[in-house]
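Visitor: There's a structure below that I have some questions on.
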Amino acid sequence: MASRLRPAFKRGGSVPEKSEIAVKRGNWASKADYLLSLIGYAVGLGNVWRFPYLAYKNGGGAFLIPYTMMLALVGLPLFFLECALGQYANLGPILVWKCAPILQGVGFSMVLMSAYVSIYYNVIMTYGLFYLFASFQPVLPWSDCFEWADEKCGRKPKGKCNVTSEGTVSTINLTWVQANNLTCDPNSTSYLLLESPTVQYWDKVTLRRSTGIHDTGNIVWHLALCLLLAWIIVAASLIKGVKSAGKVVYFTATFPYIMLTILLVKGITLEGAWDGINFYIGKQSDITKLKDAEVWKDAATQIFFSLSTAFGGLITLSSYNKFNNNCYLDSIIVCVTNSLTSLLAGFAIFSILGHMAHVLGKPLSAIADSGFGLAFIVYPEALIHLPVPPFWSFLFFSMLVTLGIDSQFALVETVLSSIEDFFPKLMRNYRFYITTGCCTILFLLGLPCVTQAGIYWILLIDTFCGGWTFFFAAIMELIGVCWVYGTNQFIQNIEMMIGIKSSNFWRWWKMCWSFISPLLSMVILIWSLATFSAPSFGPIAFPTWSVVLGWLMTISCLIWLPIVAIIHIYQTEGTLWQRIVKASKPAANWGPALRKIEDKDTDIWTL
């Protein structure tokens with residue numbers, strides 16, 4: 001039936017609003033469910049702990065120039081392509097490649113990357129939950145050197161025991177000196193430099209960090225319990241598919257904006273706040289930074305990270321849309337919202353960091369950080385200097401958790417939707433057990449990340465599975481859709497959905513999809529590989545065996561491209577070239593929500 005109807009599709013013929021399979025697979029209850037889920041997926045931790053620092057490091061306001069250009073040339077085109085592809089086919093990231101079966105391995109790679117990232121991403125949520133629970137105390141536990149601290153712990157900027165080492169003036173923990181019946185010579189270098197309580201709380205209490213990835217140590221049980229809670233939240237939210245997840249995001253996607261606004265309003269009223277904002281994007285802006293190619297690479301990488309393209313999540317979320325939904329307008333709304341959120345987060349973060357620098361009498365350049373350092377060391381330190389620190393700590397970490405949790409929803413739903421596409425009857429009858437089982441497996445796989453060596457495992461997986469691998473997936477995705485399936489055919493498919501038929505309108509998108517986006521992605525990929533260095537945690541280098549393991553994880557993501565291509569070529573007939581050509585053509589049942597499974601209530605086992 002599908003093959004007889006496909007010519008009508010090309011002419012822009014009518015399409016049933018809901019096929020049987022669409023009803024069985026599920027649809028968003030409303031447009032708001034989809035938009036909020038898309039915003040929640042795209043807007044994540046990187047908007048808060050990565051973009052502000054990159055802007056500060058790469059010329060402040062000047063960084064917005066390469067950032068906006070990369071958004072227009074790579075980010076938005078790829079975002080629009082994935083949303084349109086998923087919506088047209090009503091399929092997840094694996095079976096959507098019925099449009100070009102020879103490249104169906106791209107879908108398998110996307111699902112595996114999402115699975116890998118979901119393992120450690122939920123551990124980051126675990127850290128946020130732990131700090132959130134720690135905020136329910138009258139005195140924040142990292143505000144001073146308590147019983148968990150060692151002799152190097154201290155904070156006071158002035159005191160009786162200043163010491164000099166390598167030109168850096170610091171203050172010895174006088175309490176520890178007196179408790180051990182020691183004396184302190186103001187000119188002595190016999191005492192070690194200080195570590196702030198926030199640093200030691202992060203290392204000694206939260207992580208209980210070991211000496212390296214080789215030193216696994218024990219499971220950190222408070223983190224393991226928080227990880228279990230995080231996975232229970234994810235499983236409960238996805239237990240009924242998009243019907244349940246679409247309601248949860250009304251809170252998880254909007255709450256961070258309320259918190260960011262409150263933090264910003266408070267931040268700009270503090271003394272020194274505007275100094276921080278000037279460092280972020282004001283008077284300290286340096287247009288000459290644009291001469292540095294690294295700035296452009298950072299801008300492109302941030303676009304990929306923040307929009308969550310090439311992970312399969314956008315295809316998954318869009319596959320539950322109604323056929324005539326305006327995915328073009330949705331893409332514009334989400335990409336603009338994502339960028340504005342990054343800007344807003346930067347103002348909220350740097351206003352409070354500016355106040356912290358003012359209180360401590362330090363330059364902001366000595367304080368600014370990104371990633372874990374910003375979220376769990378620098379910002380908690382800044383919160384101590386606000387009135388009623390536990391309240392502001394609660395707001396910040398609740399924002400951090402909700403920012404990440406809806407991104408986690410989409411990562412896991414990408415895995416579940418792929419299972420559903422292959423085994424629709426099984427998923428329909430046993431969704432509760434399959435969802436629970438999938439989350440349980442991912443929880444167990446995440447346990448190494450909550451051992452004393454957990455932070456090293458997170459960095460390893462992030463480097464080799466959440467880093468440059470998605471550039472490769474994006475390139476193959478663009479090649480598959482534009483050069484194998486065909487840009488003109490793809491544009492006709494989108495026209496059938498949203499009704500835009502202006503040749504001038506599509507000329508820009510055709511140029512981006514076919515040439516600009518893949519070429520820029522390829523340049524970034526080659527550059528990333530050329531400048532690759534083994535991961536490290538500060539001065540702690542990763543051993544060779546862990547780097548080899550990391551490359552094996554990368555291979556496990558990408559090996560599916562040749563494997564699946566060979567399978568499809570083998571399943572066809574003719575000479576080698578004829579087989580390649582046949583395997584590159586759309587499957588007979590390719591089309592908008594029209595699959596042979598509509599007529600057979602059975603599971604699919606073939607690719």
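Read-outs: derived from the displayed coordinates by stated rules, not from any lab. Just so it is clear, the model here is predicted, and its values are computed rather than measured. Here the Cβ is made from the backbone with ideal geometry for all residues, glycine too, and neighbour counts use every protein chain on show.
Visitor: Taking 8 Å as the Cα distance limit and 6 or more residues as the minimum spacing, I'd like the relative contact order of the chain as a percentage.
Guide: Relative contact order of the chain: 33 percent.
Visitor: Oh, and also: How would you rank D406, D150, D203, going from fewest to most other Cβ atoms within 10 Å of each one's own Cβ?
Guide: Going from least to most buried by this count: D150, D203, D406.
Visitor: Give, as a single signed number, the net charge of other residues whose beta carbon lies under 12 Å from the beta carbon of P66, with Lys and Arg counted +1 and Asp and Glu -1.
Guide: 0
Visitor: How much length is gained if the chain between I258 and K31 is pulled fully straight, taking 0.36 nm per residue apart and subtracting their Cα-Cα distance, in nm to one decimal?
Guide: 79.6 nm
Visitor: With no solvent and one equal point scatterer placed on each C-alpha of region 42-116, evaluate the Debye formula and give log10 I(q)/I(0) for q = 0.28 Å⁻¹, two decimals.
Guide: -1.24
Visitor: Could you state the number of Å between the C-alpha centres of region 105-152 and region 237-301?
Guide: 19 Å
Visitor: Sticking with this one: A 30 angstrom limit on the alpha carbon distance is what I want to check against. Which of K510/K582; K322/K585; K98/K510; K98/K297; K31/K501 exceed it?
Guide: Exceeds cut-off: K98/K297.
Visitor: In addition: Run the numbers for L445 and A534: contour at 0.36 nm per residue of separation, minus the present Cα-Cα distance, in nm.
Guide: Between L445 and A534, full extension yields 29.7 nm more.
Visitor: Taking loop as defined by DSSP and a crowding limit of 14 other beta carbons within 10 Å, which trypsin sites (Lys or Arg not before Pro) in region 465-524 fit?
Guide: K501
Visitor: Run the quick spin-label model on L229 and H214: label points 7 Å from Cα toward the beta carbon, then report their separation in nm to one decimal.
Guide: 3.6 nm
Visitor: Find the Rg to Rh ratio for region 466-535, where Rh is the Kirkwood radius over alpha-carbon pairs and Rg uses the same atoms.
Guide: Rg divided by Rh gives 1.12.
Visitor: Between V388 and S244, with labels modelled 7 Å along Cα→Cβ, what's the label distance in nm to one decimal, could you check?
Guide: Once both label points are built, they end up 3.5 nm from each other.
Visitor: Compute the Rg to Rh ratio over region 206-257 from the alpha carbon atoms, using the Kirkwood formula for Rh, and round to two decimal places.
Guide: Reported Rg/Rh (Cα atoms, Kirkwood Rh): 1.20.
Visitor: Want the number for V359 to V336: 0.36 nm per residue separation, take away the alpha-carbon distance, what's left?
Guide: 4.8 nm
Visitor: Of all the C-alpha pairs in region 317-474, what % are more than 22 Å from each other?
Guide: Considering region 317-474, 63 percent of its Cα-Cα pairs are separated by more than 22 Å.
Visitor: What ranking of S407, S503 emerges when the number of other C-beta atoms within 10 Å of each C-beta is taken as an exposure proxy, fewest first?
Guide: In order of increasing Cβ crowding within 10 Å: S503, S407.
Visitor: Right, another one. So what is the 222 nm mean residue ellipticity for the chain from helices alone, if each DSSP H run of at least 4 adds -39500 (n - 2.57) and you divide by all residues, rounding to the nearest 500 deg cm²/dmol?
Guide: Rounded to the nearest 500, it is -19000 deg cm²/dmol.
Visitor: I'd like the FRET efficiency for A366 and E147, computed as 1/(1 + (r/R0)^6) with the beta carbon distance as r and R0 of 22 Å, rounded to 0.05.
Guide: 0.15
Visitor: Give the longest segment of the chain that steers clear of GluC sites (Glu not before Pro) in DSSP loops with at most 11 neighbouring Cβ atoms within 10 Å, not counting the sites themselves.
Guide: So the longest stretch without any such site is 272-572.
Visitor: OK, next. At q = 0.06, 0.07, 0.11 Å⁻¹, what log₁₀ I(q)/I(0) does the chain have when each alpha carbon counts as one equal point scatterer in the Debye sum?
Guide: Calculated log10 I(q)/I(0) at the listed q: -0.34, -0.45, -1.06.
Visitor: Oh, and also: Work out the FRET efficiency for N326 and I65 from their Cβ-Cβ distance, taking R0 = 22 Å, and round it to the nearest 0.05.
Guide: Computed FRET efficiency for N326 and I65 comes out at 0.15.
Visitor: For V484, V581, what ranking results if the residue with the fewest other Cβ atoms within 10 Å of its Cβ goes first?
Guide: Ascending Cβ contact count within 10 Å gives the list V581, V484.
Visitor: Please give, to one decimal in nm, the separation of the simple spin-label points placed at W577 and F136, each 7 Å out from Cα toward the Cβ.
Guide: 7.0 nm
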